[in-house]
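Following: one structure in structure tokens, then a few remarks.
Just so it is clear, none of the values below were taken in a lab; they were calculated from the coordinates. Computed from a predicted model, the values in this text were never measured in an experiment. Virtual Cβ from ideal backbone geometry, glycine too; neighbours counted across all protein chains shown.
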Amino acid sequence: MRVTLVAITPDPEALIARCARVSHRSEARASPEADRELIRKLLRRGHESVLEFASATFTVEGISRAAANQLTRHRLASFVQESQRFVDVHDRGLVRPPSFPDVLWKKVEALHRAALELYGESLAAGVPKEDARYILPIGTETRLVVSANFREWRHIIRLRGSPAAQWEIRELVARVLAILREHAPTVFDDLEVERP
Ligand SMILES: Cc1cc2nc3c(=O)[nH]c(=O)nc-3n(C[C@H](O)[C@H](O)[C@H](O)COP(=O)(O)OP(=O)(O)OC[C@H]3O[C@@H](n4cnc5c(N)ncnc54)[C@H](O)[C@@H]3O)c2cc1C
């Protein structure tokens, strides 16, 4: 799995604080430390709407279709996902869940090779990609771009980073969180993701 930051609001914490200060006309009190304190106070009080002024976009590669299906349930985020209708995906790998012992995984790999062979054979016989893909397992790797504002990222990280969430999406949000923390530590420092 690879998670890469494509774009992020410049100086996001200063922007969030600046917007928040409009409500109390406290712009004159702005400073990096005062801004951090203000953001902490807003988070403690659950006033998260000002976090919507900052956003971040990531590319995610090498996750399974199974994990992508979960991520794309988040309706306030925006997505583009590689299309199996238009792209020949015979070279895509299969994500290995850590629970599989080697002896079983060898069998899965054999099944995957057979599926890819049949996929290629079907394309050669004129079956369209959008139909040939039905042969492929849900563990097939995909790539996507995802964009969300900071309020929604916090929501996604809280839900998908919990021990109740599936291991692969937990790993994904752990990586997203690590990157977001570098750029906006005050906004994201209180979140924890227990890595699978
Ligand atoms: C551990 C776990 C297990 C899950 N298991 C299943 C499962 O078995 N089956 C299944 O189908 N799904 C499952 N889900 C997905 C889950 O039900 C949600 O669809 C998904 O997490 C998106 O959450 P959300 O709606 O809060 O977030 P988003 O879509 O990201 O929305 C963010 C927030 O915006 C608000 N919002 C968004 N749209 C609306 C709206 N139309 N009306 C009002 N408010 C809105 C809500 O406050 C929402 O929390 C699971 C999720 C988790 C984390």
Relative contact order computed over the chain (Cα-Cα under 8 Å; 6+ residues apart), in percent | 30
Say the dipole of the chain comes from +1 at the beta carbon of Lys and Arg and -1 at that of Asp and Glu; which of T142, V193, A124 then lies farthest toward its positive end?
-> V193
Of the residues V103, V87, V127, which exhibits the maximal mean-square fluctuation in a Gaussian network model of the chain defined by a 10 Å Cα contact cut-off?
-> V103
Of the residues R175, R29, R21, which exhibits the maximal mean-square fluctuation in a Gaussian network model of the chain defined by a 10 Å Cα contact cut-off?
-> R29
Among D91, D35, D131, which comes first, then next, by fewest other beta-carbon atoms within 10 Å?
-> D91, D131, D35
Scattering profile of the chain at q = 0.11, 0.13, 0.18 Å⁻¹ [log10 I(q)/I(0), Debye over alpha-carbon scatterers] | -0.60, -0.76, -1.16
In what order do H74, H24 fall by count of nearby beta-carbon atoms within 10 Å, going from fewest to most?
-> H24, H74
Extension gain A34-A115, at 0.36 nm per residue separation less the Cα-Cα distance, in nm?
-> 23.3 nm
Using 17 Å as the cut-off for backbone N distance, which residues of the stretch 154-192 belong to the label zone defined by a point 7 Å from the Cα of S23 along Cα→Cβ?
-> 187
